[in-house]
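A.B. asks: Supplied in structure tokens, the structure appears directly below.
The values are calculated or read from the model by the stated rules, or taken from the named source; none is laboratory data. Please read all numbers here as calculations on a predicted model, not as lab measurements. Virtual Cβ from ideal backbone geometry, glycine too; neighbours counted across all protein chains shown. In case anyone asks, the SASA skips ligands and DNA or RNA and just uses the protein heavy atoms, side chains included. Shrake-Rupley method; radii C 1.70, N 1.55, O 1.52, S 1.80 Å.
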Amino acid sequence: MFSCRLCSNSRISHFLNFFIMEKSDFKYFVGVDISKKSFDIAIIEGDDTASFVFDNSQKGTRAFIRLLKNRGIPLEKTLVCLEHTGIYGRLVIARLLEKQANFCVEMSLRIIRSLGIQRGKNDRLDAIRIARYAAKNHNEMELYRPVPEILEKVNALLKVRDQLVRFRADLCKHPNELKTFDPELGKLVQRHIKKTTKCLNDEIRRMEGEIEALVLSDERLNTTVRLATSVTGIGMFTALYFTIYTNFFTKYENPKQLACYCGVVPFEHTSGSSIQKRARVHHMANKTMKKQLHMCALAAVRHDPELKAYYERKAEEGKNKMLVLNNVRNKLVLRVCAVVKRQTPYQKSVA
């Protein structure tokens with residue numbers, strides 16, 4: 001049976017070699033627009049463009065590769081570009097990895113904004129636009145690097161845990177509010193959901209145990225988490241999110257890029273003399289990382305002497321407390337990147 005796992009040691013080494021290859025050697029550009037049931041492709045060969053549709057299935061991905069072969073298009077001279085579509089693209093990505101193809105998985109907003117004003121939309125047009133984007137920007141694009149299987153497993157369990165935690169919070173919200181205004185009714189409702197909340201608590205603890213066991217089973221992941229959690233305020237789940245979203249801290253060139261990705265870097269917003277707004281963080285950020293870092297910052301200003309002194313000093317100066325907390329979040333990102341780069345735990349200093 002065909003497997004969707006996206007990595008093995010040989011595939012990783014292959015893609016790291018191709019990642020540094022001269023991208024100007026590409027002669028063919030293929031855009032892939034993926035939906036749940038099918039995927040459209042557009043092939044740009046010189047001035048010619050051809051479009052095709054395949055089922056989003058194992059049979060369809062095999063037919064896609066066979067089409068390229070029948071048209072005399074060598075994979076080593078071809079750059080395939082896909083939009084990031086989550087699980088819908090897993091079969092195509094797995095097939096491209098199996099065939100050792102050169103491909104990129106790009107954010108849809110980046111593709112849209114790079115092409116200027118566009119009119120009309122359908123799957124065929126989207127595939128053509130993705131192919132044109134690849135042809136135009138291939139020298140700046142990064143080839144896809146597969147995510148290790150251990151990170152995929154941990155990420156899947158983290159998502160299930162998050163769903164359970166949210167469901168538990170939603171379930172308990174109504175009786176908690178009801179107790180404030182009508183204690184008797186609140187107790188009645190709480191009594192009826194007691195067994196359900198207990199089951200949810202047990203399942204969340206079991207899920208956390210499985211995640212911890214997975215972390216301990218992989219030496220590299222265990223070391224990375226241990227280093228990240230040596231920073232005061234950073235917990236195991238935040239460290240895991242850092243590791244997953246950065247693919248073991250390899251998806252950024254410097255810590256400032258990672259801080260920007262996490263939504264903790266303020267950007268200037270001025271124009272001439274008429275627009276003079278204060279700097280703000282941009283809304284385009286990883287909301288999960290931003291939320292995790294906010295909770296970490298709250299813990300850090302209570303338990304880290306240096307950050308506690310920094311927070312109190314800035315608050316006494318009249319600085320906005322959320323601004324100071326954002327600065328603390330930024331400092332935490334820089335600290336985590338530093339300990340992972342040095343491969344030594346964080347050394348606490350006395351304020």
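A.B. asks: (1) over 27 Å from L157 (Cα atoms); (2) assigned to a loop (DSSP other than H, G, I, E, B): which one isn't true of G263, the others all being true?
C.D. replies: So the condition that G263 fails would be (1).
A.B. asks: Pull out all pairs, ordered by first then second residue, where Cβ-Cβ is under 7 Å, the residues are six or more apart or on different chains, the first lies in region 229-258 and is in contact (Cβ under 8 Å) with a residue 12 or more places away in the chain, and the second is part of a loop (DSSP other than H, G, I, E, B) and hydroxyl-bearing (S, T, Y).
C.D. replies: Here the result reads S230/Y346; V231/Y346; T246/Y252; L258/Y252, each pair linking region 229-258 to a residue that is part of a loop (DSSP other than H, G, I, E, B) and hydroxyl-bearing (S, T, Y).
A.B. asks: Output the residues belonging to region 273-292 that are over 19 Å from L109 (Cα atoms), modelled with pLDDT of 90 or more and open to solvent by 60 Å² or more (accessible area, probe 1.4 Å).
C.D. replies: Answer for region 273-292, where residues must be over 19 Å from L109 (Cα atoms), modelled with pLDDT of 90 or more and open to solvent by 60 Å² or more (accessible area, probe 1.4 Å): just K291.
A.B. asks: All but one of (1) within 22 Å of C260 (Cβ to Cβ); (2) over 24 Å from the mean Cα position of the chain (by Cα) hold for G318; state the number of the condition that does not hold.
C.D. replies: (1)
A.B. asks: Run down T270, T224 and say which single residue is open to solvent by less than 80 Å² (accessible area, probe 1.4 Å) and modelled with pLDDT of 90 or more.
C.D. replies: T224
A.B. asks: Go through region 25-37 and give me each residue that's of a type outside the set (F, W, Y) and either open to solvent by less than 10 Å² (accessible area, probe 1.4 Å) or under 27 Å from the mean Cα position of the chain (by Cα) (or both).
C.D. replies: Matches in region 25-37: V30, G31, V32, D33, I34, S35, K36, K37.
A.B. asks: Would you call R161 of a type outside the set (G, A, S) and more than 25 Å from R90 (Cα to Cα)?
C.D. replies: Criteria not met by R161.
A.B. asks: List the number of the failed condition for M289; all other conditions in (1) under 18 Å from L323 (Cα atoms); (2) without any contact (Cβ under 8 Å) to a residue 24 or more places away in the chain; (3) touching a Phe, Trp or Tyr at 6+ places or on another chain (Cβ under 9 Å) hold.
C.D. replies: Going through (1) under 18 Å from L323 (Cα atoms); (2) without any contact (Cβ under 8 Å) to a residue 24 or more places away in the chain; (3) touching a Phe, Trp or Tyr at 6+ places or on another chain (Cβ under 9 Å) one by one, M289 breaks only (2).
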